[in-house]
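The block underneath contains the structure these notes are about, expressed in structure tokens.
Just so it is clear, none of the values below were taken in a lab; they were calculated from the coordinates. Keep in mind that what you see is a predicted model, and the values were worked out from it rather than measured. Reconstructed Cβ throughout: ideal geometry from the backbone, glycine too, with neighbour counts over all protein chains shown.
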Amino acid sequence: MHVTRDVIIVLGQRYQSMIGQGETPFYVFDESEVRRRIRSLREALPEDTVLCYAMKANPFILEAACREAEFLEVCSPGEYRICQKNSIPHGRLTISGINKDPAHMRELISSPSKIHRFTVESAEQFALLESLAQEMDVRIPVLLRITSGNQFGMDASAAKQLMSGHRNKPHIDFRGIQFFSGTQKSSPSRITRELEKLDKLIESIGRECGAEVLELEYGPGLPVDYSEQDGARRSARDREYLGALRTSLSSLRFNGTVILEMGRAMAASCGTYVTTVIDTKVNRRHSYAIVDGGRHQISYYGHELALTPPVCHAVPTRHAAEPAIWTVCGSLCTSNDILIKQFGGSDLAIGDRLVFPNAGAYCMTEGISLFLSRDLPRIYLTDASGEMRLIRDRIPTDPINAFQ
Ligand SMILES: Cc1ncc(COP(=O)(O)O)c(C=O)c1O
């Protein structure tokens, strides 16, 4: 595969070798970028900020994430099994999630190696965890999740009620609260307001419940800009959000431990999705390029209406004699399988590769992967050397879509 100079300039040197390698469609996740990004987040935040990687964003980069972040947020038995496969100790796991399976909780609570924290999303979950801890006669550390007005967490008043009775609950170690209101925050001031409110809440818990909040686990939902072509503008926006977060954290009266729980902001930049043009056509004067991947394999936040086209580069870049605007479609039998509505970066031909940067968070797992019984894509990891390692081959989905 010939990689043109234009694309190397746009994507950076480290992409040079990997674009031409690998059978499409595939994802490649750069472990050195995961580590660089988490380190740069840490540098931008107040000293002593503890970092927790929300592994739902990308379960393939745990090893690199664990080298930089202190903890992992785990939301399902499946995510837990992935941690086990990666030999991640219980002491690094925050067990979270709106549906806590009783059998799974029993397994975790009875284990001799202690889980770092359990989050509690409701009075019912609290009762489950407390009864299991009583049964095993252990004391478990919990964070009560406060709702932002949706199905997650509980009202502050319900959390206060639980905390008020803390002296009568010898099997529960109340560590503090957890709060996450949503991803892709649309303004830095939202983060500021949330932290101000949490600060007041923590203070009122101390006053009204006689319980000390030792930890605040907060998900800022930092945004990633998928459509901004200009790297300098993307970085400026990132700095603006991080600056607001830093200022707000530094202004807290709360002086316990702050743990920032993040997925997208840690993982997005490490990932690239690569797919190949397998057909081109002009239907009613409209140019279509069909690729071997599709929306079952890649999904961007806000992709549904294809209103904000994600950044995408063609390899090789061929400048069209006349302006060429393409609709890039995937392999599914649905008119919704549009990857980009107006791709104008380059003329396209069969065999060209399309490269989607910033695809390291959620893009792979949030796709409609079972539709049309198409295979799941290959996954490669790479590091600073640029060598790609196949860590998961393509997986057929037809056995999942058939009688067992
Ligand atoms: C509880 C919780 N914390 C953290 C995150 C990570 O959010 P983000 O990827 O926006 O950082 C999520 C994502 O859904 C979440 O549910």
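For this structure, a couple of remarks:
- A Förster radius of 56 Å, combined with the Cβ-Cβ distance separating THR247 from PHE403, puts the computed FRET efficiency at roughly 0.45.
- Added length on full extension, which subtracts the Cα-Cα distance from 0.36 nm per residue, HIS104 to ARG81: 7.2 nm
- Our analysis of the chain gives Rg over Rh at 1.01, with the two radii drawn from alpha carbon positions and Rh computed by the Kirkwood formula.
- Checking the cross-link pairs LYS114/LYS185; LYS169/LYS197; LYS100/LYS341; LYS85/LYS197; LYS100/LYS160 against a 32 Å limit on the alpha carbon distance flags LYS114/LYS185; LYS100/LYS341; LYS85/LYS197 as lying beyond it.
- Order of ARG167, ARG237, ARG175 - criterion: other Cβ atoms within 10 Å of each residue's Cβ, fewest first: ARG167, ARG237, ARG175
- The range 106-128 and the range 315-367: distance between their alpha carbon centers, rounded to Å: 45 Å
- Environment charge of ILE290, counting only residues whose C-beta is closer than 11 Å and scoring Lys/Arg +1, Asp/Glu -1: -2
- Most mobile listed residue (GLU196, GLU47, GLU63) in the chain, GNM with C-alpha springs under 10 Å: GLU47
- Relative contact order, percent, the chain [alpha-carbon distance under 8 Å, six or more residues apart]: 20 percent
- Per-residue Cβ neighbour rank within 10 angstrom, fewest leading, CYS270, CYS75: CYS75, CYS270
- Extended-chain gain in nm, criterion 0.36 nm per residue less alpha-carbon gap, LYS197 and GLU124: 23.7 nm
- Karplus-derived 3J(HN,Hα) values for the range 315-329, using 6.51 cos²θ - 1.76 cosθ + 1.60 with θ = phi - 60°, are 10, x, 7, 10, 6, 6, 4, 10, x, 10, 10, 10, 9, 9, 10 Hz; glycine and proline are entered as x.
- Estimated inter-spin distance, SER189 and SER373, nm [label 7 Å along Cα→Cβ]: 5.4 nm
- Relative pair counts by distance (%), Cα atoms of the range 89-262, 10 Å bins: 9, 36, 32, 17, 6, 1
- SER40 paired with ASN168, simple spin-label distance in nm, labels 7 Å along Cα-to-beta-carbon: 5.3 nm
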